[in-house]
Each structure stands twice: as C-alpha cells, then as structure tokens.
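Visitor: Have a look at the structure that comes next, please.
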Amino acid sequence: MSDSKYQQLVAHLSEAHHLERAVAILQWDQQVKMPTGGAPQRAAQLAVLSRIAHEAFAQDKTARLLEDTEREIDGMDYDSDEASMVRVAKEEYRLASKLPAEFVAELTRATSLGRGAWIEARATNTFRTFEPQLQHIIDLTLQRAEYLGYDEHPYDALIDEYERGITTAQVTEIFGAHKPALVELIAAVQENSDTVDDSLVHQQFDIEKQKQFALDVIKAYGFDFERGRQDVSVHPFCTHFSRGDVRITTRFHDDFLNPALFGMMHEAGHGMYEQGSPERFEGTHLSGGTSLGVHESQSRLWENVVGRSKGFWIWALPKLQAYFPDELGSADVDSFYKAINKVGKSFIRVESDESTYNLHIMLRFELETDMVSGKVKVRDLPEEWNDRFESFFGITPPTDTLGVLQDIHWSMGLVGYFATYALGNLLSVQYYNKAVQQHPGIPDEIASGKFDTLRNWMQDNIYQHGRKFTSDELTRRVTGESIQSRDYMQYLQTKFGEIYGL
Ligand code: ZN
C-alpha cells in the first residue's frame with residue numbers, strides 16, 4: 001500500500017521542520033548555557049545546520065509534492081487540515097525558494113556573531129563596537145527584502161515574514177489611529193503622576209523567592225512543567241522544540257519586583273500557546289502559533305490584562321505577602337495594584353507600563369522604516385534614537401545601553417518584528433473582550449485564582465488552530481472584525497483614568 005501524496009508531503013516537510021527545531025536548541029543553548037568561548041564555532045554550527053534545513057525545505061521535491069497533493073485534495077474545505085497544510089507550506093515555499101541557501105547561511109552566521117557583539121556593546125555601553133556587525137546585518141536585511149520582493153515599500157517584505165499579509169501602510173494606519181489618543185492619555189496621567197507611589201515594588205526582593213512566586217503564578221495559569229521549563233538569560237524569551245518541550249527564560253532584578261514577575265507571566269503566555277498546539281500538527285508547518293502579533297496577544301493577555309488587573313491581585317497579593325512579609329506585609333490590594341501599574345517615562349521598552357508601551361514600538365517602527373528606505377544611516381542610529389525618544393517622551397536616554405542598544409532584535413536580523421508587539425497589545429484586549437462577552441464570569445474567576453475558563457477559551461478559539469489561519473483570518477473568525485485599536489484605547493482610558501483619577 002503506497003502512502004497518499006498528502007502523507008508523503010507531511011513526511012517530507014517534517015524533515016526540514018526537525019532540522020529547524022535542532023537549530024532552535026543550539027540557539028537556546030547559546031543564550032542560556034554556552035560559555036562565551038563557544039561563540040565562533042557555534043556560529044559556524046548554526047550556519048551549517050540552518051543551510052541544510054533551508055535546503056531540505058526549499059528544494060524542487062517540495063514544489064512537486066505540493067503540486068501533487070494539491071491535485072489529490074482538490075475540493076477539500078479551506079479549514080481542513082489538508083488544505084491548510086498545503087496553503088501554509090506553499091506560501092512558505094514561495095518565500096523560502098527566493099532566498100539562496102548561501103545567503104541564509106551568511107545571515108545566520110552574521111546574526112550569530114552580531115548577538116555576541118551586541119551583548120558586549122551593551123555591557124560596555126559602546127554602540128561603536130556593535131556598529132560594523134549591525135551594518136552588515138542591515139545590509140543583508142535589505143538584500144533579503146529584495147530577494148523576497150514587495151509592491152510598495154521594501155519594509156513590506158520584512159514585516160510580512162512576521163505578520164503574513166500585513167503592509168507598512170496598514171500598520172502606519174493602525175498606529176496613526178491611536179497615537180494621538182495615547183499621547184493625550186499619557187500627558188493627562190503625567191499631570192497627576194504624584195497620585196501613584198510605586199515604592200512598594202522598588203525594594204530589595206530575594207531572587208529565589210521572586211522566582212518561586214512567579215512559578216506559582218504561571219503554574220496556576222496553566223503552563224505545564226511536564227512539557228516545559230524555565231531558565232535565566234540576558235534577554236527573556238520563549239522557544240519550543242515541540243509542543244512537549246517549551247522553554248521560557250527570565251531575568252531577575254533584586255531591587256525591582258516587576259521585570260521578572262511580569263516577564264515570567266509574559267513568556268508563559270507565549271509558552272501556553274505553543275503547548276496548546278494540537279498533537280496532530282506536530283512536526284509540520286501547522287504546529288505552533290500563527291503570526292507574531294497573535295503570539296504577542298497571548299503573552300500580553302496573561303501579563304497585563306490578567307496579571308496587572310485588580311482582580312488578579314485580590315487573589316495573588318496574600319500569596320506574594322507570604323513570600324515577602326517584611327517588604328509587603330502591610331500593603332493593601334489597592335496601593336499594590338496602583339504601584340505595579342504606575343506610568344513612568346521608562347527608557348526601557350520591556351519594563352514600560354501598558355500606556356506607554358505602544359509609543360516605544362511606534363518609535364522603533366518609524367526608525368526601522370526610515371533605515372530600510374535609506375533615510376537613516378546605521379552610524380547615526382544613537383543620535384536618531386535619542387532625538388526621537390526626546391520628542392516622543394520628553395526625556396533623553398543617558399546611555400546607549402538605555403537607548404539604542406536595549407533590544408536584541410537587530411543583532412538577530414529581526415527587522416520588521418517590533419510592530420507585532422503593538423499589534424499584540426491591541427489583539428490581547430480584543431480577544432479578552434470577546435471571551436468575557438461569551439463568559440461574563442471570567443473576571444470573578446480571576447479574582448479567585450481560577451484561570452481555566454479563560455485559558456480554555458484561548459485553547460478553543462486560538463491555540464487549536466495552530467498556524468492554519470493568518471492573523472487577520474483568525475481575528476475575524478474569533479471577534480467578527482479585523483484588528484482595531486478601539487478596544488485597547490477604551491481599556492487603557494478606563495484603567496488609567498481610574499488609577500490616576502482622570
Ligand atoms: Zn513576547
């Protein structure tokens with residue numbers, strides 16, 4: 001009995017998929033365990049393996065199997081596993097076959113070295129030591145956009161890799177639609193900034209206890225430690241090798257409670273999405289999360305919409321107080337809730353509050369599009385960053401480490417990626433509102449430490465589809481409309497209006 005074309009296609013695709021996951025293991029190791037001495041050879045190992053993975057996918061056999069399978073499954077539903085597998089793999093093949101294997105290897109090598117250079121530059125606060133590596137990565141990125149092709153703006157080709165189907169013009173419109181209201185809200189909050197005191201979260205907090213509490217929280221959320229683990233790294237991230245092995249990382253500060261705690265909730269949100277991918281999609285193009293924007297909606301949901309809500313802390317504060325009786329024993333829910341939500345003019349995106357977060361993204365989006373269109377040169381980035389930061393936030397980063405060097409993304413060649421964070425914020429509230437509309441008991445459940453209804457809703461509406469649908473298809477299926485900023489702005493205005501008495 002011979003296998004169907006579909007079975008042959010799935011078996012064939014899984015080879016490239018497994019190789020890609022092996023690349024991810026080496027990358028996780030590089031960021032979490034590897035001594036710095038391993039960097040040059042690790043770059044070579046990653047370059048070889050990623051080239052082989054690329055060749056395994058972007059070969060003529062893939063194209064033939066896709067064509068044969070398409071004929072075999074003709075007439076099947078758009079939503080069926082078979083039609084979705086062919087549709088998703090075909091689109092990825094179309095893009096992958098445009099990139100020469102040597103180019104992919106060079107990009108992997110450049111970004112592997114770039115990451116090391118970035119870590120060093122960040123530690124010594126010298127952009128100039130990172131500049132040559134970054135220049136090379138940006139040159140390769142521009143070349144990548146040319147290989148991939150675009151209609152209007154070279155940035156379209158880059159952003160499409162993270163959020164399939166979206167264009168620079170659409171993102172500009174979505175950002176433009178809420179930037180004025182955001183700036184207005186932040187200004188109003190600043191006028192009342194004295195009304196919120198966050199000294200509660202700025203005390204000495206034992207790192208081991210911080211870790212234990214954060215682990216308690218994400219276990220309650222539903223992150224499965226039989227199928228995942230948590231470690232420490234310079235830049236927090238989530239990666240997966242299968243739905244049965246999902247890795248999240250955290251960084252700790254001993255004098256500030258927020259980064260590790262909310263960072264852990266954030267990465268667990270990503271992790272649960274990966275763990276919720278259906279078993280039958282394992283090893284195929286349909287496994288895991290769809291776009292990065294949808295992925296970010298899941299992390300921001302558990303970090304912010306749940307983790308920074310008052311209801312959550314009605315349940316969680318007594319538990320946190322048990323770990324820190326001296327530091328937080330006398331705190332009440334109201335003042336703690338305000339402290340964790342204090343709006344500050346933070347230099348650091350990952351540590352910024354919900355109201356200023358999307359502005360940090362808009363800054364990067366504007367800089368990236370200008371860099372890609374040639375308006376901004378790599379060597380001028382520190383000054384450009386600081387000038388724009390000043391005009392957005394009214395303050396200037398005192399060092400490159402607090403400015404242009406804070407994010408790992410460019411060192412990894414991830415240009416076009418940042419916008420998905422802001423899109424994720426918008427989607428997090430859009431999805432949450434829909435879940436609450438269907439299950440009005442969710443906010444009360446959160447206040448008693450029950451997260452099943454919300455997580456199961458995400459499972460049924462988001463996780464279970466894996467990568468079958470694009471972000472827009474999924475969002476319209478789930479909420480009945482495309483991504484919009486209305487829900488998010490209402491959420492921010494209500495929440496911060498109450499906290500700051502606006
Ligand atoms: Zn994230």
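Visitor: Could you count how many residues in the range 439-454 are touching a helix residue (DSSP H, G or I) at 6+ places or on another chain (Cβ under 7 Å) and either at positive phi or in a helix (DSSP H, G or I) (or both)?
Guide: 8
Visitor: Does the range 315-329 contain any residue that is part of a helix (DSSP H, G or I) and within 22 Å of the chain's Cα centre (by Cα)?
Guide: Among the residues of the range 315-329, not one is part of a helix (DSSP H, G or I) and within 22 Å of the chain's Cα centre (by Cα), which makes the answer no.
Visitor: In the range 1-111, which helices (runs of 4 or more DSSP H) lie fully inside it and hold 3 or more residues that are open to solvent by 30 Å² or more (accessible area, probe 1.4 Å) and polar (S, T, N, Q)?
Guide: Correct list: 5-32.
Visitor: Right, something else. For the range 394-437, name all the residues that are more than 16 Å from the ligand (Cβ to nearest atom), hydrophobic (A, V, I, L, M, F, W, C), over 17 Å from THR126 (Cβ atoms) and crowded, with 20+ Cβ neighbours inside 10 Å.
Guide: VAL415, ALA435
Visitor: I've got another one for you. Which residues, taken from the range 459-481, are open to solvent by 20 Å² or more (accessible area, probe 1.4 Å) and part of a helix (DSSP H, G or I)?
Guide: GLN459, ASP460, ASN461, GLN464, HIS465, ASP472, GLU473, ARG476, ARG477, THR479
Visitor: Tell me which residues, restricted to the range 281-291, are away from the ligand (no atom under 12 Å from the Cβ) and not in a helix (DSSP H, G or I).
Guide: GLU282, GLY283, THR284, HIS285, LEU286, SER287, GLY288, THR290, SER291
Visitor: Any residue that is farther than 25 Å from ARG251 by Cα, in a loop (DSSP other than H, G, I, E, B) and of a type outside the set (D, E, K, R) - is there at least one of those in the range 419-429?
Guide: Looking for residues that are farther than 25 Å from ARG251 by Cα, in a loop (DSSP other than H, G, I, E, B) and of a type outside the set (D, E, K, R), one finds none in the range 419-429, hence no.
Visitor: If LYS345 meets every condition in (1) open to solvent by 50 Å² or more (accessible area, probe 1.4 Å); (2) without any contact (Cβ under 8 Å) to a residue 12 or more places away in the chain; (3) assigned to a loop (DSSP other than H, G, I, E, B) apart from one, which number is that one?
Guide: Going through (1) open to solvent by 50 Å² or more (accessible area, probe 1.4 Å); (2) without any contact (Cβ under 8 Å) to a residue 12 or more places away in the chain; (3) assigned to a loop (DSSP other than H, G, I, E, B) one by one, LYS345 breaks only (2).
Per-residue answers, yes or no, for (1) more than 11 Å from the ligand (Cβ to nearest atom); (2) surrounded by 23 or more Cβ atoms within 10 Å (Cβ to Cβ):
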{"site": "GLY244", "(1), (2)": "yes, no"}
{"site": "ILE248", "(1), (2)": "no, yes"}
{"site": "LEU261", "(1), (2)": "yes, yes"}
{"site": "GLU279", "(1), (2)": "yes, no"}
{"site": "GLY293", "(1), (2)": "no, yes"}
{"site": "SER297", "(1), (2)": "no, yes"}
{"site": "ARG300", "(1), (2)": "no, yes"}
{"site": "VAL306", "(1), (2)": "yes, yes"}
{"site": "LYS310", "(1), (2)": "yes, no"}
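Visitor: On to the next question. Report yes if ALA214 is under 30 Å from GLU327 (Cα atoms) and either within 14 Å of the ligand (Cβ to nearest atom) or in contact with a Phe, Trp or Tyr (Cβ under 7 Å, 6 or more places away or on another chain) (or both), otherwise no. Working first, answer last.
Guide: Working: under 30 Å from GLU327 (Cα atoms): yes; either within 14 Å of the ligand (Cβ to nearest atom) or in contact with a Phe, Trp or Tyr (Cβ under 7 Å, 6 or more places away or on another chain) (or both): no.
Answer is no for this residue.
Visitor: Does GLY329 satisfy the criteria of being within 16 Å of the ligand (Cβ to nearest atom), in the same structural domain as ARG476 (by TED's automatic domain parsing) and not aromatic (Phe, Trp, Tyr)?
Guide: Numbers: within 16 Å of the ligand (Cβ to nearest atom): no; in the same structural domain as ARG476 (by TED's automatic domain parsing): yes; not aromatic (Phe, Trp, Tyr): yes.
Criteria not met by GLY329.
Visitor: Let me ask another. With respect to HIS136, is the statement that it is part of a helix (DSSP H, G or I) and over 30 Å from MET489 (Cβ atoms) true? Explain how you work it out, then say what you get.
Guide: Numbers: part of a helix (DSSP H, G or I): yes; over 30 Å from MET489 (Cβ atoms): yes.
When the stated conditions are applied, HIS136 passes them.
Visitor: Restricting attention to the range 295-325, which residues are in contact (Cβ under 8 Å) with a residue 60 or more places away in the chain and polar (S, T, N, Q)?
Guide: Passing the criteria: SER297, GLN298, SER299, ASN304, SER309.
Visitor: Please go through the range 263-277 and give me each residue that is within 10 Å of the ligand (Cβ to nearest atom) and open to solvent by 10 Å² or more (accessible area, probe 1.4 Å), ordered by number.
Guide: Residues satisfying the conditions are GLY263, HIS266, GLU267, HIS270.
Visitor: Next up: Of the numbered conditions (1) farther than 21 Å from SER242 by Cα; (2) at pLDDT 95 or above, TRP28 satisfies every one except a single condition; which is it?
Guide: Here TRP28 meets the rest and fails (1).
Visitor: What number of residues in the range 217-235 are within 16 Å of the ligand (Cβ to nearest atom) and open to solvent by 30 Å² or more (accessible area, probe 1.4 Å)?
Guide: Going through the range 217-235 one residue at a time, the tally reaches 1.
Visitor: Can you tell me which residue is nearest to the ligand (Cβ to nearest atom) among those in the range 312-326 that are in contact with a helix residue (DSSP H, G or I) (Cβ under 6 Å, 6 or more places away or on another chain) and open to solvent by less than 10 Å² (accessible area, probe 1.4 Å)?
Guide: Among them, the one singled out is PHE312.
Visitor: Assess whether THR239 counts as being among the hydroxyl-bearing types (Ser, Thr, Tyr), within 16 Å of the ligand (Cβ to nearest atom), open to solvent by 10 Å² or more (accessible area, probe 1.4 Å) and on the phi < 0 side of the Ramachandran plot. Before the answer, list the steps.
Guide: Numbers: among the hydroxyl-bearing types (Ser, Thr, Tyr): yes; within 16 Å of the ligand (Cβ to nearest atom): yes; open to solvent by 10 Å² or more (accessible area, probe 1.4 Å): yes; on the phi < 0 side of the Ramachandran plot: yes.
Yes.
Visitor: Then there's this: If you check LEU257 against the conditions, is it of a type in the set (A, V, I, L, M) and within 12 Å of the ligand (Cβ to nearest atom)?
Guide: no
The values are calculated or read from the model by the stated rules, or taken from the named source; none is laboratory data. Quick caveat, the model's predicted, so the values are computed rather than measured. Note that each Cβ is placed from the backbone with ideal geometry, even for glycine, and that neighbours are counted across all protein chains shown. Areas reflect the complete protein model, heavy atoms only, side chains present, ligands, DNA and RNA absent. Shrake-Rupley method; radii C 1.70, N 1.55, O 1.52, S 1.80 Å.
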